[in-house]
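Beneath this line is the structure, given in structure tokens, with notes to follow.
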Protein chains: 2
Amino acid sequence: MPGEQSTNTIDASRIDFLNGLKRSHYCGSLREGHAGEQVVLMGWVQRRRDHGGLIFIDLRDRTGLVQVVFSPEIYREAFEKAESARSEYVLALEGTVRQRPEGTANPNLSTGEIEVLAHRLKILNRAKTPPFYIEDGIEVDENLRLRYRYLDLRRPEMQQALILRHRAAKSVRDFLEENGFLEIETPVLNRSTPEGARDYLVPSRLNPGKFYALPQSPQQFKQMLMVAGFDRYYQIVRCFRDEDLRADRQPEFTQVDIEMSFIDVPEILELMEKLVVKLCRDTINLDVVQPFPRLSYQEAIDRFGSDKPDTRFGVELKDISDIAAGCGFKVFASAVAGGGQVKGINASGCGLFSRKEIDDLTAFAAIYKAKGLAYIVVTEDGVKSAIAKFFTESEMKDIVSRMEGKPGDLLLFVADKSKVVADALGALRVSLAEKLGMVPLDHYNFVWVYDFPLLDYDEEEGRYVAMHHPFTSPREDDLRLLESSPGQVRAKAYDLVLNGVEVGGGSIRIHRRDIQERMFAAIGIGEQEAVDKFGFMLEAFEYGTPPHGGIAFGFDRLVMLLAGKKSIREVIAFPKTQSASDLMTQAPGYVSPGQLKELSLKTDIKKSPKNNE
Amino acid sequence: MPGEQSTNTIDASRIDFLNGLKRSHYCGSLREGHAGEQVVLMGWVQRRRDHGGLIFIDLRDRTGLVQVVFSPEIYREAFEKAESARSEYVLALEGTVRQRPEGTANPNLSTGEIEVLAHRLKILNRAKTPPFYIEDGIEVDENLRLRYRYLDLRRPEMQQALILRHRAAKSVRDFLEENGFLEIETPVLNRSTPEGARDYLVPSRLNPGKFYALPQSPQQFKQMLMVAGFDRYYQIVRCFRDEDLRADRQPEFTQVDIEMSFIDVPEILELMEKLVVKLCRDTINLDVVQPFPRLSYQEAIDRFGSDKPDTRFGVELKDISDIAAGCGFKVFASAVAGGGQVKGINASGCGLFSRKEIDDLTAFAAIYKAKGLAYIVVTEDGVKSAIAKFFTESEMKDIVSRMEGKPGDLLLFVADKSKVVADALGALRVSLAEKLGMVPLDHYNFVWVYDFPLLDYDEEEGRYVAMHHPFTSPREDDLRLLESSPGQVRAKAYDLVLNGVEVGGGSIRIHRRDIQERMFAAIGIGEQEAVDKFGFMLEAFEYGTPPHGGIAFGFDRLVMLLAGKKSIREVIAFPKTQSASDLMTQAPGYVSPGQLKELSLKTDIKKSPKNNE
């Protein structure tokens, strides 16, 4: 080819900043078997000790630590350079691996049998004293960690968390590849659609006055890929929700997005279980047993008071409405008469709770709108309870029997509308189990919840809204109820719950225009609005759309649980704070008036900020 | 576990929309060996023919076509249903594979030896007549294809392009995994920074008046990951540029983003070549030879008039400035005297070009600001040229000799400033080669271009700007010129060029605060501005930053070239138009006044659009 005269070497002078050194091994990889070998290492000073006229440096890289020794008698020049080394200095060094002297091995270190005697040293970069220790288990304000995230991420536990995340992504991809899924990318600059959470908007310069929206999920695109016949699609994809960041939410999050054609609920659940089994094995070497337990939404609510049941412990809800209906205790009887329920949980062994403790439980239940918390203590000598007098002996016996009460148990009851009963007792159940140490922290209990209601009545808006999203298919056998009893229609929707946390959710989608139109009508989207907002989907349904469905896993949450972390911020390299700010880069920031003008935009801020650039 | 009482079956009534059928094979997978087997297929009607009392349907899925036969005598019910089937109907069917009758095999079809005799048929969905044929090589307005992208993507060539893209991503990931790279995700909601192209902005609701910017690349984050000690990072990541979409650009594009620590230029080029070699083999079964040719920027400009040289053909530029300097042709002599150049290319065998053809070449060169195009025709009897009279016989002989002119050749010359000479002749060279059919279309010529200038003088802004980005390291041996002769400083930057298209680019980065500050100063970013905009990077450099560098490949372009396509829109599932619109979803769109109010924004549009929702 015409380039043949060109040289294929790049001037050697250019690599002088590494002093001609080329790394031969990672620090954490050295073992006894390397003894006698000459190695080149590069990494950070974890710790320097001067002892017996020698300098010892623990050198750190992604793989771990290794001890390096500098001797003034053998290699003076390297020793003298090492004298200036401080914590977090970046070093390149050449040395010989040798067995540590008798009795000085460190069994806590995978490289603890050996050390490296350094011949040559190059200090690649210096470091100031970091604002916190580069080690695990530090107690430091999270904001400081986020501001110096590049230092925080040096800590081994953060490195391991992100390496686990990497392995999780690889495991998921490998599984999906093996099963014929195609990775197909969908746009980030989307159209804002009604329904769902609040969109992040992006003004369009080329279309003044118009906006893109960042995707809350690639829902419509993945459905279009099914219409296009790609059959099996996946993507590990960033999604966005402009929500108030209470609890453990992030404005941008990652989901494993999956869609399949020509399948129904059983096939997708079975395949996704296999994915999860492989994921658990590949990341934390955990064996999960298939099939996962499956609970209908109604059963989950009935037994656990939640559609995200934590099944690692019992303390299930028991319904005593039938007994309560005819009893003399007004609060119970009228709750049932008013269409509500009376249910209880057995706080086993809590019969000796103090008045204060029970008051705290009552206050906790009140957060979930329970107006009160009735209780019965079971003793060897019968029950102790302020409400005992309202019940016949037979009623009380039935109640204790229903609650499986044994001497020493505390039975707690809520009488209210079904939703309040479920919410309050569901939360109380989890709180009590945690408090009593009943939660086996090493268990990974996956459970499918299915047959969700298709629609949810929104009191504020005075209309039904889609419980998942408006493309979710109703069960065929409930279709006839869509207009007459919309609240009773069950959806072909399913969630995957792990230890009480929703880690995935999906559904079979509507694939017929007539049903999609009925769905839109059910949630109050008129014909014209449907065409305006979702016209292309309705149109697509007329050109041969296959039956299809899918699922999306919350990747951050899944990795968080696998890594045993309490917050998704611990498994995201550069997370944002509750005010959706990045403390390291100071995003978001002010932009120039020129930038706004190009976008035909004005901010509505009364006072111009002082620092507006 | 507590969920044990729950049933693990989901009501069978729910799978009735597939009529109890479960796909056993993909259409395109059937072969002679399947003869006699009962199969269940699902797919789209490519074509229906009625012949000899039978109905023949070519059924299509992602894998290809298979012929299905419906016989009224053997399976009447299936036949009767098949009578209503039209093109693009979605079918599920059960049948028996059988050898096609003698003489009816179709050698153009991988399934052409067999057919499927259908026993049962379920029409899963109907279809209107599509607006264009679902087949390869259609001549249809691209806008129509984009509006009905879900149909366009059904065409086998589009399916194959996206499957190739999928395989390309997998190949890249596999390679990087094997070589110790960690996939780490970086934020999409970034801070807007100066330098570079125009940002897409995202107003922040929680921080009124402030904006995020979508990343043009994760440059700063990947450098911070190196500071954090992750050593080797990669990501296949979406990036954004709000540019006017001339040529083949997209507002969002995908890049393979890579960064490594403790390496210099030679190591990264070698490793990236291996990646590309594997990619070519995995996607199009092409063998590419390592090492790739390497050209310094100056050599690329000198020989090819471009830093993106297409090396599939010769027609290299030859410098005749030394001869021209003293000649009698004023245009030539004064160009050299003014610090410019005179260079030429040999349009071999074009000696008989008409006056009109040469005028066209001159007009083409003028696009690149060449004020004229001198030419010499070489014949058996010497040269023919309007400018011959200005040269001595010896000068002319030297010129023809330098240009390697043979009888029948047309020699073309531009005399101007170096940049104009390179641009005009570089473009002319490519244009001529294409016109003369000198470009071997099956060649894949990779070439590295390195030693780019660090800085480029921006006439408009009256200052130097970073040619790549401001984090690019100068060559150590040019550092001393950074203040005195900034234009002469070479960068440790490299581009990978394939067939004249830049498919990747990267650099070794600055890893010392003092050099980064000198770089900012060189491009006119003052101390305070540097701290305001890039403070965290400057700070990070003080806490032990390792030497590091990386590269980013333009994934869309790379896949386009591998797929043999002319536009990146052919390898993107849902591309946008030149006005950055999505014709399928109608993005961008108007948003509600409520949405803008929440963002403290007003649009600056005089007349409210009629359809503002």
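Summary table
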read-out	value
Checking B:ARG303 against (1) within 30 Å of A:PRO215 (Cα to Cα); (2) within 12 Å of chain A (Cβ to nearest Cβ), the condition it does not meet	(1)
Helices (runs of 4 or more DSSP H) wholly inside the stretch A:506-562 containing at least 3 residues that are out of contact with any Leu (no Cβ under 8 Å at 6 or more places or on another chain) and touching a residue at least 12 places away in the same chain (Cβ under 8 Å)	A:527-540, A:555-562
Residue satisfying condition, being in contact (Cβ under 8 Å) with a residue 60 or more places away in the chain and under 19 Å from A:ASP322 (Cβ atoms), within set A:ALA427, A:ALA422	A:ALA422
Enumerated strands (runs of 3 or more DSSP E) restricted to the stretch A:439-499, each holding at least 2 residues that are within 14 Å of another protein chain (Cβ to nearest Cβ) and among the β-branched types (Val, Ile, Thr)	A:446-450
Count - residues of the stretch A:226-243 that are within 7 Å of another protein chain (Cβ to nearest Cβ) and touching a strand residue (DSSP E or B) at 6+ places or on another chain (Cβ under 8 Å)	5
Search result, residues across the stretch B:253-278 that are closer than 17 Å to A:ARG23 by Cβ and among the hydroxyl-bearing types (Ser, Thr, Tyr)	B:SER261
Qualifying residues in the stretch A:130-156 (those that are within 9 Å of chain B (Cβ to nearest Cβ) and among the hydroxyl-bearing types (Ser, Thr, Tyr)) - the one farthest from B:THR545 (Cα to Cα)	A:TYR148
Single residue of the stretch A:175-192 satisfying the filter (in contact (Cβ under 8 Å) with a residue 40 or more places away in the chain and surrounded by fewer than 18 Cβ atoms within 10 Å (Cβ to Cβ)) that is nearest to B:LEU164 (Cα to Cα)	A:GLY180
Pairs with Cβ under 6 Å, 6+ apart, first in the stretch B:229-241 and at positive phi, second not in a loop (DSSP other than H, G, I, E, B)	B:ASP231/B:SER261
Verdict on A:GLU157 being assigned to a helix (DSSP H, G or I), touching a Lys or Arg at 6+ places or on another chain (Cβ under 8 Å) and more than 16 Å from A:ASP58 (Cβ to Cβ)	no
Within the stretch B:383-402, considering residues that are among the β-branched types (Val, Ile, Thr) and part of a helix (DSSP H, G or I), the one surrounded by the fewest Cβ atoms within 10 Å (Cβ to Cβ)	B:VAL400
Criterion (outside any helix (DSSP H, G or I), within 11 Å of chain A (Cβ to nearest Cβ) and touching an Asp or Glu at 6+ places or on another chain (Cβ under 9 Å)) met by exactly one of B:GLN255, B:GLN290	B:GLN290
Members of the stretch B:333-352 that are of a type outside the set (A, V, I, L, M) and surrounded by fewer than 17 Cβ atoms within 10 Å (Cβ to Cβ)	B:SER334, B:GLY338, B:GLY339, B:GLY349
Selection from the stretch A:582-603 of residues that are in contact with a helix residue (DSSP H, G or I) (Cβ under 9 Å, 6 or more places away or on another chain) and more than 7 Å from chain B (Cβ to nearest Cβ)	A:LEU583
Entirely in the stretch A:29-98, the strands (runs of 3 or more DSSP E) that have 1 or more residues that are among the acidic types (Asp, Glu) and under 38 Å from the mean Cα position of the chain (by Cα)	A:54-61
Flag for B:GLN216 being surrounded by fewer than 24 Cβ atoms within 10 Å (Cβ to Cβ) and more than 7 Å from every other protein chain (Cβ to nearest Cβ)	yes
Condition broken by A:HIS511, with the remaining ones in (1) crowded, with 19+ Cβ neighbours inside 10 Å; (2) facing chain B (nearest Cβ under 7 Å); (3) touching a Lys or Arg at 6+ places or on another chain (Cβ under 8 Å) satisfied	(3)
Some residue of the stretch B:193-211 being touching a Gly at 6+ places or on another chain (Cβ under 8 Å) and either within 7 Å of chain A (Cβ to nearest Cβ) or more than 28 Å from B:ASP282 (Cβ to Cβ) (or both)	yes
Among the candidates B:GLN250, B:GLN159, B:GLN223, residue that is within 10 Å of chain A (Cβ to nearest Cβ), farther than 30 Å from A:GLN586 by Cβ and among the polar types (S, T, N, Q)	B:GLN159
Evaluation of B:GLY344 against (1) in a loop (DSSP other than H, G, I, E, B); (2) modelled with pLDDT of 95 or more; (3) of a type in the set (Gly, Ala, Ser) (one fails), failing number	(1)
Matching entry among A:ARG557, A:ARG509 (being in contact with a Gly (Cβ under 7 Å, 6 or more places away or on another chain) and closer than 30 Å to A:PRO293 by Cα)	A:ARG509
All positions within the stretch B:563-600 that are among the polar types (S, T, N, Q) and in contact (Cβ under 8 Å) with a residue 40 or more places away in the chain	B:SER567, B:THR577, B:GLN578, B:SER579, B:SER600
Which listed residue, of A:TYR494, A:TYR464, A:TYR450, is hydroxyl-bearing (Ser, Thr, Tyr) and within 20 Å of the chain's Cα centre (by Cα)	A:TYR494
Residue satisfying condition, being crowded, with 19+ Cβ neighbours inside 10 Å, of a type in the set (A, V, I, L, M) and under 29 Å from B:LEU176 (Cβ atoms), within set B:ALA540, B:ALA580, B:ALA522	B:ALA540
Members of the stretch B:164-198 found to be acidic (Asp, Glu) and modelled with pLDDT of 95 or more, listed by number	B:ASP174, B:GLU177, B:GLU178, B:GLU183, B:GLU185
Residue within the stretch B:67-90 that is in contact with a His (Cβ under 9 Å, 6 or more places away or on another chain) and within 14 Å of chain A (Cβ to nearest Cβ) present	yes
Criterion violated by A:PRO266 - all others in (1) facing chain B (nearest Cβ under 9 Å); (2) closer than 30 Å to A:MET224 by Cα; (3) surrounded by 21 or more Cβ atoms within 10 Å (Cβ to Cβ) satisfied	(3)
The stretch B:535-555, subset of a type in the set (A, V, I, L, M, F, W, C) and within 29 Å of B:MET272 (Cα to Cα), residue nearest to the chain's Cα centre (by Cα)	B:PHE555
Flag for B:ILE320 being in the same structural domain as B:SER431 (by TED's automatic domain parsing), in contact (Cβ under 8 Å) with a residue 60 or more places away in the chain and β-branched (Val, Ile, Thr)	yes
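The values are calculated or read from the model by the stated rules, or taken from the named source; none is laboratory data. Just so we're clear, the structure is a prediction, and the values are computed from it rather than from any experiment. Here the Cβ is made from the backbone with ideal geometry for all residues, glycine too, and neighbour counts use every protein chain on show.
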